[in-house]
1. Looking at chain A, send over the antiparallel percent of its DSSP beta bridges, to the nearest 5.
2. Counting only other chains, what is the mean number of Cβ atoms within 10 angstrom of the Cβ of each residue in peptide A:76-88?
3. Mind checking the full-extension length gain between B:Thr402 and B:Lys75? Use 0.36 nm per residue of separation minus the Cα-Cα distance, one decimal, nm.
4. In Å², and per residue, what accessible area does region A:22-90 have when probed at 1.4 Å with the other protein chains present?
5. Tell me the total accessible area that A and B bury against each other, 1.4 angstrom probe, in square angstrom rounded to 100.
6. Under 5 Å between amide hydrogens, which residues at least 5 positions from A:Ile5 or on another chain qualify, with H placed 1.01 Å from N in the peptide plane?
7. Give me the Kirkwood hydrodynamic radius of region A:5-96 in Å, from all C-alpha pairs, to one decimal place?
8. Among the trypsin sites (Lys or Arg not before Pro) within region B:111-145, which fall in a DSSP loop and have no more than 10 other Cβ atoms within 10 Å of their own Cβ?
Amino acid sequence: MAAPITIHLEFGGGAELLFSGVKKHHMTLPSQSQPWDMKQLLVWIQQNLLKERPELFVQGDSVRPGILVLINDADWELLGELDYQLQDKDNIVFISTLHGG
Amino acid sequence: MKKKIPYVIKERHKRSAHCRKNVQGRNVFNAIIPSGDILEKRQEERKRKAIFPMCQVDEDYHGDLERAEVPNVSKKCVKCKEASAAVVIRAGDAYCRGCFKEYFIHKFRAMLGKNRIIFPGEKVLLAVSGGPSSCSMLSQVQKGLSRNAHKKLRFIPGIVYIDEGGALGQSVEERMKLGAELQAMFKATGFPFYIVPLEQVLDLPSSVVVMAPSSSEQPGSAYKSAVNAFIQSDSSTCLTPQDQEDTSLPEVQESHTRSLQHLIASVKTLTARQDLLNTLRQHLFVHTARTEGYSKLMLGDSCTRLAIKLLTSISLGRGAQLAQDTGFSDSRYGDIISVRPMRDYSAKEISYYNHMFSVPSVFIPSLDTKTTDKSSIQRLTETFVTKLQGDFPSTVSTIYRTSEKLQTACRSSSTANHCERCLLCMCALDTAVENASAFHATLISEQFSQTKVPGATRTQIPRQNPVTPVLTPTGQHCSSDGEENCGRKEGGGGCCYSAKQPQTTNLKTLLCYGCQMTIKDMSSVEYFPQYILSEAQRRRRRSQMKEEITEFLLDDDDDDDEGN
């Protein structure tokens, strides 16, 4: 059983509009048998934090193209994108580089 | 046995060894029937893909392919080869933080230095919208001008921000709040700044849409001598930050806001609305630059934004103006030259830099925030390009390279007097109606397709029965769609019963094709700011006068053939 993990989420570039304007979130993910990975995190965000218009944030399994994801200030492409396994006290930033939201 | 030559591609996969070139040099695959266990493996892959469709692209290929090297964090920075990689630029180049910062800053200086347009000591107006690109540009300029900068920049900047809250329906408190945030940001830079509400566009003089003569064209060699002269003279004076007195945000009249909202509301599609706002914004920039004495304007369009703009412009009918809309420098106004120093940066690089190195920016919602993908052409193109960019990381740079090769074809003579310029976008008119041109064909089909009067919506006269268009205007009533002929015949502009009809038509003849498309989506042009309407009238009268005396004019056009 994996212990519950605390993570810091940040939203920028307009993505915060979908989260009632709140830019920083400190969350504790509940413990579960398998370690958390980005795919599950996105599902969790969609269910718990996303207030409106999910199609402007997630597309299928991943984030919408145009949203930049940084994990501990490194590009998530270098860390395996959706397969990255979350660790305690990770800092994940979602920045929208798009015009509309 | 023939030697099989593997075909090497730069993409993420390598074609397998059973591909070879045939006699004509094309790639062909040998027919290889996979053995049983390979078939099973493929079935597994397919099953897995059905559940998790976001698998890597190259897992789809045959097993004996070499796996493409996906950059991972244990990889070192490709430049310094020491620090661990932090960001992926372009297609697969991983840079560390330090190298990325250097690369970013260097690109800005190189862009300005390569195109020797900004002379030392010149006053340059930075157009800041609050978004990431323009704030990044602002911070680069700030860094470049600081005393200890290596090869510091040498011009005098000012900042302009256009408050569009009135057009977007923001409340006064929201506008004040955003304005205060931005003001704090601008004050921290120490440059003079101007916060201009969009409502001011209603008070502009008509000289805004008139091309002013440019200051003397300085040849390239003059750049170097100007730089040397500047270095020798004391250059420290222009860099002291000026203490701008505490300017409160400009007051905006309620009635002006309402007029502006009427104007925006009279446009039926979001596409045209965005286009119109863009035009008005440009006019305001030019006006501010002219009144405050700036000779250059710096716009913060990033590479991604410009790639989207390029494709959008083609869809909007602005193909003839592509080179000026997306090029580095834009001299359509004559005396004010717009430059785009950020056009080499992708949106990802800018966002990453802003986040890593704490560049402040303010997110301001615009017309198409939170709209669906298909709400406007701009939005659709943006979705298309960003999605394509996700799978093919060289999309944006390819479009960028294409746009670099665009040049405006020089028209016949160098007169370019303002009769030949579009009223709204100030580019050369591309609507010379020759008989065999495609444009002429669209005009004819438009005329034929409008055979019925569309009720009483467009005229002031109540009609009892629909009247077929009267093509010979008698001065009494023309149908609302006998446009072209109506405007042409009578002079003085008063032949129609309702004053609106000639205005729409005559505006059309003064516009380039792209702007005509925008006007088409407007229900009426009466809400246009006064300067546009009065300038339109002026040009119309001039051209009518010219037509009347055309027989008496000595024509320079006879020498045209020799000249070209």
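The values are calculated or read from the model by the stated rules, or taken from the named source; none is laboratory data. Owing to the predicted nature of the structure, the values given are computational and were not obtained by experimental measurement. Here Cβ is always computed from backbone atoms with ideal geometry, including for glycine, and neighbour counts include all displayed protein chains. In case anyone asks, the SASA skips ligands and DNA or RNA and just uses the protein heavy atoms, side chains included. Shrake-Rupley method; radii C 1.70, N 1.55, O 1.52, S 1.80 Å.
1. So the antiparallel bridges amount to about 75 percent of the total.
2. The mean count of partner-chain Cβ atoms within 10 Å per residue comes to 3.
3. Here the segment from B:Thr402 to B:Lys75 would lengthen by 114.5 nm.
4. Per-residue value: 48 Å².
5. 2600 Å²
6. When sequence neighbours closer than 5 places are left aside, the close amide H contacts are A:Leu29.
7. 13.2 Å
8. Here no trypsin sites (Lys or Arg not before Pro) fit, given the DSSP loop and packing criteria.
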